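Notes for the one structure printed next.
The values are calculated or read from the model by the stated rules, or taken from the named source; none is laboratory data. On a predicted model such as this, the values are computed, not experimentally measured, just so you know. All Cβ positions, glycine included, derive from the backbone under ideal geometry; neighbour counts span all protein chains shown. Accessible surface is based on the protein model in full, side chains and every heavy atom, while ligands, DNA and RNA are left aside. Shrake-Rupley method; radii C 1.70, N 1.55, O 1.52, S 1.80 Å.
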Amino acid sequence: MNIDWAALGSVFGVSLVATVALVGLFTLGIVGLAKRESASARGATGSVALARTGAYTCFVLCVTAVAYGIYLIVA
């Protein structure tokens, strides 16, 4: 059995970067929702809309990345 260590390292690196990026995006979405709650408590309507839009954008990017990963596995 012959293991291609360079390919294994490449797959590990890409997986690590993708995982950190997805967790970061999801975290930004959660923070955006928390900012929305605190902004709505203060009564700032512009900040509420911006925080909600940013949070939903992060969640959509997460779903898109996961769907693309499933597409790559299935195809």
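Below are the figures for this structure:
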| quantity | calculated |
| --- | --- |
| Condition met for LEU25 (under 16 Å from GLY69 (Cβ atoms), part of a helix (DSSP H, G or I) and among the hydrophobic types (A, V, I, L, M, F, W, C)) | yes |
| Selection within the stretch 28-53 - open to solvent by 50 Å² or more (accessible area, probe 1.4 Å) and under 14 Å from the mean Cα position of the chain (by Cα) | LEU28, ILE30, VAL31 |
| Residue ID - farthest from VAL17 (Cα to Cα), chosen from residues in the stretch 54-75 that are among the hydroxyl-bearing types (Ser, Thr, Tyr) and exposed (fewer than 12 other Cβ atoms within 10 Å of the Cβ) | TYR71 |
